[in-house]
1. Just checking, how many residues over region 178-210 are modelled with pLDDT of 95 or more, under 21 Å from Pro144 (Cα atoms) and either in a loop (DSSP other than H, G, I, E, B) or touching a Pro at 6+ places or on another chain (Cβ under 7 Å) (or both)?
2. Quickly run through region 34-57 and pick out the residues that are modelled with pLDDT of 95 or more and of a type in the set (A, V, I, L, M).
3. Which residue pairs have Cβ atoms closer than 9 Å, lie 6 or more positions apart in sequence or on different chains, and pair a first residue in region 82-95 that is surrounded by 17 or more Cβ atoms within 10 Å (Cβ to Cβ) with a second residue that is of a type in the set (Asp, Glu)?
4. Only helices (runs of 4 or more DSSP H) wholly contained in region 67-157 count here; list those with 3 or more residues that are within 16 Å of the ligand (Cβ to nearest atom).
5. Restricting to region 158-175, name every residue that is in a loop (DSSP other than H, G, I, E, B) and either more than 30 Å from Thr210 (Cβ to Cβ) or not polar (S, T, N, Q) (or both).
6. Filtering region 42-66 down to residues that are in contact with an Asp or Glu (Cβ under 8 Å, 6 or more places away or on another chain) and assigned to a helix (DSSP H, G or I), which residue is farthest from the ligand (Cβ to nearest atom)?
Amino acid sequence: MNRNFTAVCAALLMCAILIVFLGSFAVAKSSISIAATTDDIVSDKVIYLTFDDGPSDRVTPKILDVLNEENVKATFFIVGKSAENRKPLVKRIYDEGHTVAVHSYSHVYNEIYSSAESLIKDIDKCNSLIREITGKPSSVYRFPGGSFGLSKKLIDAVTRHGMRYVDWNASTRDAEFYNPTPQQIYNAAVTTPVFPESIVLLAHDSTTKTATAQALKSIISYYKKNGYVFAAY
Ligand SMILES: [Zn+2]
């Protein structure tokens, strides 16, 4: 009797162990499916690569070559006075599927920010050049230096003019370092995002930014590996 009782207890114990085991397997399985869902969300992360202050003969073509190799589209906020003598290069940016957007014609802060009228005049001058080269004006704008700290009057003038302005929330810091190495640019680009679900990365394609062009492939690889989709405005 006792032996039977022990056998029943043992059987019950085995059942309990089996239930716990299957239960933990089910939990593990559901964790796996949660992980898969998270992976799906990860692929919804977006990064906008943005290049300011170009075009330049030295850096812009190198950046375009890397973007082509990686099949990634970007946004170029151009400076009109640099584009005047480089119209074929601006056309190349456009023809390769990137966005050509307005940064400034002169990029001289105390001129463009002296009044709302000056600012709009500067934007229009840059935009008429974009229209001449690509066949259509852009409605995307980046304030030289960003909108941070600018008066509401200036910002309102731009939006009333039909322009959507874009700042950034991550930076290669290629305008802050003195003579940076590609490694420094890469490190900054992958560590500064403030809103990792939607990154707008600031970079420059002006003539001194060769390290940016050299770092670009690694930056793109990093964000591809981390499940980001690349977008342009
Ligand atoms: Zn600029």
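The values are calculated or read from the model by the stated rules, or taken from the named source; none is laboratory data. As the structure is a computational prediction, the values presented were derived from the model and not from experiment. We place every Cβ from the backbone using ideal geometry, glycine too, and count neighbours over all the protein chains shown.
1. 6
2. Across region 34-57, the qualifying residues are Val46, Ile47, Leu49.
3. That search, which allows pairs on different chains as well, returns Ser82/Asp53; Arg86/Asp57; Leu89/Asp57.
4. 80-83, 109-112, 116-134
5. His161, Gly162, Met163, Val166, Asp167, Trp168, Arg173, Asp174, Ala175
6. Ranking the candidates gives Leu64 first.
Matching residues to (1) charged (D, E, K, R); (2) buried (at least 18 other Cβ atoms within 10 Å of the Cβ); (3) under 24 Å from Val59 (Cα atoms); (4) in contact with an Asp or Glu (Cβ under 7 Å, 6 or more places away or on another chain):
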| residue | (1), (2), (3), (4) |
| --- | --- |
| Thr99 | no, yes, yes, no |
| His103 | no, yes, yes, yes |
| Asn110 | no, no, no, no |
| Glu117 | yes, no, no, no |
| Ile123 | no, yes, yes, no |
| Lys136 | yes, no, no, no |
